[in-house]
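So the structure is just underneath, and the comments pick up after that.
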Amino acid sequence: MADNNENKVLNVPHLRFPEFSGEWNKYTINDLATVVGGGTPDTTVKSYWGGDIQWFTPSEIGKNKYVDFSKRTITRDGLDNSSAKLLPLHTILLSSRATVGECSIASNECTTNQGFQSLIAKQCNIDFLYYLIQTKKKDLIRNACGSTFLEISANEIRKIKVAVPVQNEQEQIAKLLSLIDERIATQNKIIEKLQSLIKGIMVELQKRGLSNGTWKKVLLSNVLTERNELNKSLYPVYSVSVIQGIVNQMEYLGRSFAASDTSKYHVVHYGDLVYTKSPTGSFPYGIIKQSYNQNEVAVSPLYGVYEPKTFSTGVFLHEYFKSELNTLNYLHPLVQKGAKNTINIANQRFLESYVAIPSNANELLAISKLLCSLNTKLEFLQNILKQSQGQKQYLLRQMFI
């Protein structure tokens, strides 16, 4: 790689393959691609759904470079009777709402809902364009607008300025980054298989335990106690994530969303469980996570904080509530939804239902140790993934303008 940090010419990247020289040409996205919106067929018309045309939503893209299959499909009638467009193979599916800037390449002909402004390449290597778009995520977000959710229009996308090298250099850059993406995709598959194994173990253990009578349904208030400690010591404020668990707001979100006075926030100790009481993705009633932070932290006063009877009980419940179905089944009878879909549930009310749990403390401890071991391996695999993702982000910053 050639380092161009000392190069005074503005339109070349900092890092470059040594066989290439000369300035990159300036374009707009409109010069390089046709921008196409999406649409949703009438959901009340059954004949529009369940066909052979893949129909993507923003939540299904962005994790890997390529996407093959969508959760829902539509028919040709559904396509013809909506604003959805049939997109060719290797279209870049670019999210234009909420998760603005997330993108993947379609492996097959497909269509999307209206949360996309997809890109069909005109005169640019499709893989290079895919990576180029990722370097413009800040521009996409900056040009997005909306009070309820962010959205960027097709016209705003078309106007974004970019710089592009000759075709051979496009291909070389894309080939290097594609190798890293292959590593990321492989690592994601390894992680998904381990996560599936952990879920499968929990399901099988519960089935066997209830069948042979070694597991009993216990009131959650018998194994959890609400912690009412306020943040008088002004511990750092943490957030709760579906994937990352209980994490520092500054490190995870890049900024703090806490109030100026956090003394009324709730304190969380190592091993405590936190219930968020807010819908998140596939958890419509909120998520429940155990804290593995060695030091005390603070969380929003809207959250419920609970001390488990034993640490192993907390580990078990943390894993139990990783399941969307378990969480839904437990919380649905307890929660009342208010105006604007807000969740109304008192901290003590959260404890007033039952969870199946091993009766024998030794069995609970053994399961807890197994889960801790598997999650330690999972964390190791996720750290490898983060390293590859970090390497990719570095190259995106250095090899593009």
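In table form, for the structure just shown:
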| quantity | calculated |
| --- | --- |
| Criterion (hydroxyl-bearing (Ser, Thr, Tyr) and buried (at least 21 other Cβ atoms within 10 Å of the Cβ)) met by exactly one of SER153, SER82, SER96 | SER96 |
| Residue within segment 314-329 that is β-branched (Val, Ile, Thr), in contact (Cβ under 8 Å) with a residue 12 or more places away in the chain, assigned to a strand (DSSP E or B) and in contact with a Phe, Trp or Tyr (Cβ under 6 Å, 6 or more places away or on another chain) present | no |
| Verdict on THR186 being in contact (Cβ under 8 Å) with a residue 60 or more places away in the chain and surrounded by fewer than 16 Cβ atoms within 10 Å (Cβ to Cβ) | no |
| Residues of segment 148-174 satisfying the condition of being free of Cβ contacts under 8 Å to residues at least 12 places away in the same chain and assigned by TED's automatic domain parsing to the domain that holds LYS386 | none |
| Close pairs from segment 66-95: first among the polar types (S, T, N, Q), partner part of a helix (DSSP H, G or I), Cβ under 7 Å, at least 6 apart | SER70/GLU60; THR75/SER47; THR75/TYR48; ASN81/TYR48; SER95/PRO58 |
| Close pairs (9 angstrom Cβ cut-off, 6 or more residues apart or separate chains): in the same structural domain as SER278 (by TED's automatic domain parsing) and of a type outside the set (Phe, Trp, Tyr) in segment 337-358, at pLDDT below 85 and in a loop (DSSP other than H, G, I, E, B) anywhere | ASN344/GLY338 |
| Filter result (under 23 Å from the mean Cα position of the chain (by Cα), over 11 Å from THR111 (Cα atoms) and surrounded by 21 or more Cβ atoms within 10 Å (Cβ to Cβ)) within segment 39-64 | PRO58, ILE61 |
| Hits in segment 86-110 (condition: over 18 Å from the mean Cα position of the chain (by Cα) and within 24 Å of LYS137 (Cα to Cα)) | LEU87, PRO88, LEU89, HIS90, THR91, ILE92, ALA106, SER107, CYS110 |
| Residue check, GLY101 among the small types (Gly, Ala, Ser), touching a Ser or Thr at 6+ places or on another chain (Cβ under 9 Å) and within 25 Å of LYS386 (Cα to Cα) | yes |
| Residue tally, condition part of a strand (DSSP E or B), out of contact with any Pro (no Cβ under 9 Å at 6 or more places or on another chain) and surrounded by 13 or more Cβ atoms within 10 Å (Cβ to Cβ), over segment 202-236 | 2 |
| Residue ranges of strands (runs of 3 or more DSSP E) in segment 14-103 with at least 1 members among the acidic types (Asp, Glu) | 49-56 |
| Of residues in segment 237-290 being in a loop (DSSP other than H, G, I, E, B) and of a type in the set (D, E, K, R), the one modelled with the lowest pLDDT | ARG255 |
| Residue match in segment 250-265 (condition: out of contact with any helix residue (DSSP H, G or I) (no Cβ under 8 Å at 6 or more places or on another chain), farther than 18 Å from GLN348 by Cβ and in contact (Cβ under 8 Å) with a residue 40 or more places away in the chain) | no |
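Every residue, every condition in (1) closer than 16 Å to GLN393 by Cα; (2) at pLDDT below 95; (3) in contact with a Cys (Cβ under 6 Å, 6 or more places away or on another chain); (4) surrounded by fewer than 23 Cβ atoms within 10 Å (Cβ to Cβ), yes or no:
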site	(1), (2), (3), (4)
CYS103	yes, no, no, no
SER107	no, no, no, yes
CYS110	no, no, no, no
GLN134	yes, no, no, yes
LYS138	yes, yes, no, yes
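To keep it simple, each residue is scored yes or no on (1) of a type outside the set (Lys, Arg); (2) at pLDDT 95 or above; (3) closer than 16 Å to VAL274 by Cβ.
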{"residue": "VAL297", "(1), (2), (3)": "yes, yes, yes"}
{"residue": "LYS377", "(1), (2), (3)": "no, yes, no"}
{"residue": "ARG397", "(1), (2), (3)": "no, yes, no"}
{"residue": "ILE401", "(1), (2), (3)": "yes, no, no"}
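The values are calculated or read from the model by the stated rules, or taken from the named source; none is laboratory data. Bear in mind the structure is a predicted one, so any value in this text is a computation, not a measurement. As a convention, Cβ positions derive from the backbone with ideal geometry for all residues, glycine included, and neighbour counts pool all protein chains shown.
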